[in-house]
Amino acid sequence: MRRTDCLLALLTACFSLLAGCRPGGGSQEESEETVPTVTPVTLTHPSREPMAETVDVNAVSAYLLKTYAKAPTSGYLETVSIHLGEYVRQGQVLFVVKTKEAQALGNTISRLDSSLHFQGTLAIRSPGNGFITQLTYTTGNYVQEGEQLAEITDAHSFVFLMDLPYELTPYLPLNHRLQLILPDSTRLDGQLASALPVVDSVAQTQRYVIRVPATRSLPANLIAKVRLVKKQQASSLTLPKAAVLSDESQTQFWIMQLINDSTAVRVPVQKGLEAGGSVQILSPVLTDSARILLTGNYGLPDTARVVVAEPGGPD
């Protein structure tokens, strides 16, 4: 029995030795072939379009001129024909004042001769067109001669006041005509009119008057954005921002250009103006048919293998 066990152990060792000596007996990882990485990408092409570098500055709406309705004589307000916020026109009757003499003598004269119809009232009319922004008295109040009864903003004096940082004044020659963007995204065309000859000592800003066409009535103290042009080019070679890559310090820029159906190479570029979602490419000069990677380009090495995804397909 012991001899049989020894024989079995010897045979088992021989089989193990033979299995270890088979050719190609390396690990599975060593036998597998290395599969190259292929990145799916989408493409874009250079285009030519006007470019402008802009900066936004705030402007506040205001009425520069205000007129006042005043009492021409002392007396009692018999009629008040207006209310706050109402738009009035020049010559419109705002108040009717009954003089204190008429108040005192009117009843006496009427008792003496009822046919005289003594009134003793004066109509106070609007000195201009505008909105009632202040109303001091109401019907029945006694007012003194020359007292202010209402404040009227002059509708023709509506402007926007822009506080411009003084370091931006060199760009004003390009901005005689401006575009204002209201909080509701409405855009107004404005014209730079004049500058106030004083600079804020703290903010170092100078106030400019911007006139806008009277196409609609706007309230005062409305904040709008004024878009100032710093630089502009009539025709520039541009690419979408997503196609232009950079290092962490934003000092070197490049694009990934497809040189055949499956290979993208890294091309250093010098960029110029940026506006919206476009970047101006100063160099190198790209043809309109150049195929530039738009998505899938981030982190790709030089001479990367890629596959162009079909439009509307998976990223």
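The values are calculated or read from the model by the stated rules, or taken from the named source; none is laboratory data. What you see is a predicted model; the values in this text were computed from it and never measured. With ideal geometry, Cβ positions are generated from the backbone for all residues, glycine too; neighbour counts draw on all protein chains shown. Accessible surface is based on the protein model in full, side chains and every heavy atom, while ligands, DNA and RNA are left aside. Shrake-Rupley method; radii C 1.70, N 1.55, O 1.52, S 1.80 Å.
Counted residue by residue at 0.36 nm each, then reduced by the alpha carbon distance between them, the extension gain from T287 to Q191 reaches 30.6 nm. Taking a 28 Å limit on the Cα-Cα distance, which of the listed pairs K66/K98; K66/K225; K66/K230 fall beyond it? From the list (K66/K98; K66/K225; K66/K230), the Cα-Cα distance tops 28 Å for K66/K230. Taking the Kirkwood radius as Rh and the Cα radius of gyration as Rg, the stretch 163-310 has a ratio of Rg/Rh equal to 1.14.
The phi-based Karplus calculation (6.51 cos²θ - 1.76 cosθ + 1.60; θ = phi - 60°) puts the 3J(HN,Hα) values of the stretch 250-257 at 6, 10, 10, 10, 7, 10, 10, 10 Hz, whole numbers, x for Gly and Pro. For the pair Q179 and S217, a Förster radius of 25 Å applied to the C-beta separation gives a FRET efficiency near 0.80, rounded to the nearest 0.05. Listed by chain and number, the lysines whose alpha-carbon sits under 28 Å from that of K100, ignoring those within fewer than 8 places in the same chain, are K70. Excluding same-chain neighbours fewer than eight residues apart, the lysines reachable from K241 by a Cα-Cα span under 19 Å are K231, K271. In plain terms, if you count all Cα to Cα distances in the stretch 215-280 and split them into 5 Å steps from zero, the share in each step is 3, 12, 17, 17, 13, 10, 8, 7, 4, 5, 2, 2, 0 percent.
For the stretch 217-315, which chymotrypsin sites (Phe, Trp or Tyr not before Pro) pass both filters: DSSP loop (anything but H, G, I, E, B) and at most 10 other C-beta atoms within 10 Å? Could the numbers behind the result be given before it?
On the way: sites: F253, W254, Y298; in loops: Y298.
Here the sparse-neighbourhood loop sites are Y298.
Surface composition of the stretch 127-207: carbon and sulfur atoms hold 50% of the protein heavy-atom accessible area at a 1.4 Å probe.
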